[in-house]
């Protein structure tokens, strides 16, 4: 097929490429340049043609699909719909602008999603073809840089007004113990607890590593020494450094599917080969992967929330022993558990020192505190410390590290966790009952008694899911499309984060979702 | 030659491998296992045999040389000295232990050196062979990880007592405006200026990027927008990310020699091929390098202090234009200038957007504030932001970023710079006169009217330099052996940092150096 869209003229108007492309395609369909029945290029082809990511290309088609301009035929392709379209009306244009704002706002937020750093890949926008541009203008990127830019996605716009988002927006700060935290900060910045000059090892402040070790012994049964702990500026830094240290170009690493997209991205940008580990209702299904590195979320599978049973944990450890492999246990949000009993972390069962345990304070404290850590097997202490120290010979964020150590030592952290666990538990139960009562015909909620989001499987068609998402945006709410976490296309699903919403907002948001579904039905 | 040293038994006693090796060799010489005239292995060979770095191997020989146990013959090799040795006496052993402590302390400090992050490569110690160990025990490191570990060096011990070190130890904190800074911190952590939840782009806090842009316009004549500025956790993070983005394995990059070892390390660990740029009394000598990436310190060449003349700056830009290359201008400590006039930065002369300007607050504020930044050509904004965001989707150290923005906005930073420039100027002049008056026969001081260290070329033999260093440690003082900054062996030289020493300490330290030289003379 040959494509001549008035793309450039839309590009001049719209801030994001995918929006320019959406409008250009819509204009071509409405204007008859692309008549009904025309076969459209695959998302891969579209992405190539317009130098956008495949995610953006999919989004363009999703939007056109939701609007009814195109249709997909499973296994056959995407076609311009055969309906005749009416001329674009003013109302329509306004609605589009609304969507534009909302989509940009919502797909762009690089906050934390269900306690994960959510660097969305839904919208690519500005950066997407900078790699290509660099090559054109004589600044060549390395293979690493090219892989990075191919998988790059970072855009942010503040959302406006009374939008109720079920996408992660950080924590419920009204209950945060500001005074205690400020006094810890003051201590850390003061002469008694502080040290503005003087040495801090690249692993991070020792006081905090000691406090973490003590916390892990009590709450997780992990016996770690401060020497085994390396602090990171968020756990993603640890994930990326581990892939750099351990993966040769082409060497395989296993990641859960669905799973945290950041891990897949880190593996691929390091040049490693991604093997997808199947996830069922009990979490990762152990297999005899031909790999020596595995990422897993046993305490609460991300994003489904499944808790990995003890026998599977043992089988993973046994696999690691046989393969001489390393397991990275990402315990991203199990601080908040209001029901059930936690199962021993892999790290606590790890007799052969094959497990790296990753933890984070971004959820348990607040999201602008970028503090993660790894508990390392002895042989990795040197390499991981060296990797961290290459970038930061002296670590950043020392003040906040010292403050957090103080906050933990004085019991402030435990008190805060207990209080928030109770609160989050109430919110989780409320959202769960609202969703199942009012949207039970749309979503199947997966069970879970910990964590800060609810994972919900869509019960209907993929097209209805896309239409529902678009309608929700128009109604001023949204949720995370779990497609972001699916490497291979799976059942459509949504993640509903609730840590930042109070009960009135939860109720309001669910009502908007209900209205959105009515909109979809009225239209179909 | 065949080596059978009682190495393992010394390894059990000494904390660091190089010390174990030093003692093992000394015992073998004293015990006659290695008789006078025996040719010893090259440092390369020794490093291989004992799995230590070449830097450590050199250090072992330096110590034996300083003690008189071995001798080197230029171009021929290293031999056991022909003198007959007396049995080890108690006094001797104690002196060794003293050296051991002092060497470990002084070569190990990973503070800032002449305003550079000083990850020493003088001593390797514990990490040196972890890479090998990982491979032995079934945790394979990637090529990147192996390159990292081959060039790894990180050890730290606090020095004791009344040691006076001319190695960098951070800043002179007694004049730091604590109250103003604390009030900025309080503002940043408070509800008016602070934001514990909410979005911070991966480039870092906008308020700080705006403040930096304003500062650069006034103090450097650089017209940068906040959008072109990316904040790092210290400038080393920026250097490493740039090498990762721009260097393919085997692709060449130019670094100054002598120059900051961190840059050479970053180039080599990224897999790039290091080309050494010649440095003379006017700084880097422009050449027609076959490369597309150059690191240079025009404002004040590191470590020599030379100021790059305008015509050389123009020639570098012209080279970059011809080669379609990027120049990374590392302006690491030119905030402090007490004489002369600064020349326009390359970035201010950069019409073709080929210059990345790197700056840092680690020296101008205090060393535990890990804050560096890059001013980027437009085409690199996307890739560099993406690279930073891969590791830190939300940046760390946001609180300190906001506090620094406040400190700059309220004029606190400018006042602090003015005050410290005057103070450092006085210290610099004092140290310069002390060194030239008392040690003028040993060192030739290179001129300089900015920065926080003095570079001094040794006037005598290499062996005398080694003996002098060892004697200085015994006298409770030390300085940075500039060999760390020399990729190819050059004239022995020392860096004397003074930012952390008051005038009494400067005087005391220089006197100790004088005594050390007397010790050397009495012995020879």
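Checked against the criterion of being at pLDDT 80 or above, buried (at least 17 other Cβ atoms within 10 Å of the Cβ) and part of a loop (DSSP other than H, G, I, E, B), segment B:47-56 has at least one qualifying residue.
Among the conditions (1) within 15 Å of residue B:329 (Cα to Cα); (2) within 23 Å of the chain's Cα centre (by Cα); (3) crowded, with 24+ Cβ neighbours inside 10 Å, residue B:222 misses just one, which is (2).
Against the list (1) in a helix (DSSP H, G or I); (2) closer than 24 Å to residue B:400 by Cα; (3) within 14 Å of chain B (Cβ to nearest Cβ), the condition residue A:413 fails is (3). Within segment A:492-524, the set of residues being assigned to a loop (DSSP other than H, G, I, E, B) and touching a strand residue (DSSP E or B) at 6+ places or on another chain (Cβ under 9 Å) comprises A:492, A:498, A:499, A:500, A:501. In the set (1) more than 7 Å from chain B (Cβ to nearest Cβ); (2) part of a loop (DSSP other than H, G, I, E, B), residue A:393 fails one condition alone, (1). Identify, please: which residue in segment B:10-46 is surrounded by 13 or more Cβ atoms within 10 Å (Cβ to Cβ) and over 17 Å from residue B:69 (Cα atoms) and is, among those, modelled with the lowest pLDDT? The selected residue is B:15.
A count restricted to segment A:169-196 and to residues that are modelled with pLDDT of 75 or more and assigned to a loop (DSSP other than H, G, I, E, B) stands at 2. Being under 26 Å from residue B:424 (Cα atoms) and either within 9 Å of chain A (Cβ to nearest Cβ) or surrounded by 24 or more Cβ atoms within 10 Å (Cβ to Cβ) (or both) is a property that residue B:335 has.
For every residue, the table says whether it meets (1) at pLDDT 90 or above; (2) more than 9 Å from every other protein chain (Cβ to nearest Cβ).
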| position | (1), (2) |
| --- | --- |
| A:364 | no, yes |
| A:370 | no, no |
| A:373 | yes, yes |
| A:429 | yes, yes |
| A:454 | yes, yes |
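Table: residues versus (1) facing chain A (nearest Cβ under 9 Å); (2) surrounded by 22 or more Cβ atoms within 10 Å (Cβ to Cβ).
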position	(1), (2)
B:251	yes, no
B:267	no, yes
B:279	no, yes
B:304	no, yes
B:315	no, no
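Of the numbered criteria (1) out of contact with any helix residue (DSSP H, G or I) (no Cβ under 7 Å at 6 or more places or on another chain); (2) within 14 Å of another protein chain (Cβ to nearest Cβ), the one residue A:263 fails is (1). All conditions in (1) modelled with pLDDT of 90 or more; (2) surrounded by 24 or more Cβ atoms within 10 Å (Cβ to Cβ); (3) within 24 Å of residue A:246 (Cα to Cα); (4) in contact with a helix residue (DSSP H, G or I) (Cβ under 8 Å, 6 or more places away or on another chain) hold for residue A:297, with the sole exception of (4).
Matching residues to (1) touching a strand residue (DSSP E or B) at 6+ places or on another chain (Cβ under 8 Å); (2) touching a residue at least 12 places away in the same chain (Cβ under 8 Å); (3) over 19 Å from residue B:220 (Cβ atoms); (4) assigned to a loop (DSSP other than H, G, I, E, B):
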{"position": "B:300", "(1), (2), (3), (4)": "yes, yes, no, yes"}
{"position": "B:305", "(1), (2), (3), (4)": "yes, yes, no, yes"}
{"position": "B:311", "(1), (2), (3), (4)": "no, no, yes, no"}
{"position": "B:317", "(1), (2), (3), (4)": "yes, yes, no, no"}
{"position": "B:333", "(1), (2), (3), (4)": "yes, yes, no, yes"}
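Inside segment A:482-491, residues that are part of a helix (DSSP H, G or I) and more than 14 Å from chain B (Cβ to nearest Cβ) make up a count of 3. In segment A:397-417 there is no residue that is in contact (Cβ under 8 Å) with a residue 12 or more places away in the chain and in contact with a strand residue (DSSP E or B) (Cβ under 6 Å, 6 or more places away or on another chain). Here residue B:515 passes the criteria (1) touching a helix residue (DSSP H, G or I) at 6+ places or on another chain (Cβ under 7 Å); (2) more than 28 Å from residue B:279 (Cα to Cα) except the one numbered (1). Condition check for residue B:257 on (1) at pLDDT below 95; (2) under 22 Å from the mean Cα position of the chain (by Cα); (3) away from chain A (no Cβ under 12 Å): one failure, at (1).
Here A:477, A:385, A:421 are screened, and the one residue that is more than 24 Å from the chain's Cα centre (by Cα) and in contact (Cβ under 8 Å) with a residue 40 or more places away in the chain is A:385. Taking the listed residues B:346, B:326, the one that is away from every other protein chain (no Cβ under 14 Å), crowded, with 24+ Cβ neighbours inside 10 Å and modelled with pLDDT of 90 or more is B:346, with no other qualifying. Only one entry in A:403, A:386 is more than 7 Å from every other protein chain (Cβ to nearest Cβ), at pLDDT 90 or above and buried (at least 24 other Cβ atoms within 10 Å of the Cβ), namely A:403. Scanning segment B:432-481 for residues that are surrounded by fewer than 22 Cβ atoms within 10 Å (Cβ to Cβ) and in a strand (DSSP E or B) turns up B:444, B:445, B:450, B:457, B:458.
The numbered conditions (1) away from chain B (no Cβ under 11 Å); (2) over 19 Å from the mean Cα position of the chain (by Cα); (3) surrounded by fewer than 23 Cβ atoms within 10 Å (Cβ to Cβ) are all true for residue A:230 except (3). When the test is whether a residue is at the interface with chain B (Cβ under 7 Å from one of its Cβ atoms) and touching a residue at least 60 places away in the same chain (Cβ under 8 Å), residue A:378 does not pass it. Looking only at residues of segment B:442-461 that are more than 15 Å from the chain's Cα centre (by Cα) and touching a residue at least 60 places away in the same chain (Cβ under 8 Å), we find that the one that is farthest from residue B:279 (Cα to Cα) is B:442.
The values are calculated or read from the model by the stated rules, or taken from the named source; none is laboratory data. It should be emphasised that the depicted structure is a prediction, and the values quoted were computed from it without experimental measurement. FYI the Cβ positions are ideal-geometry reconstructions off the backbone, even for glycines, and counts take in every protein chain you see.
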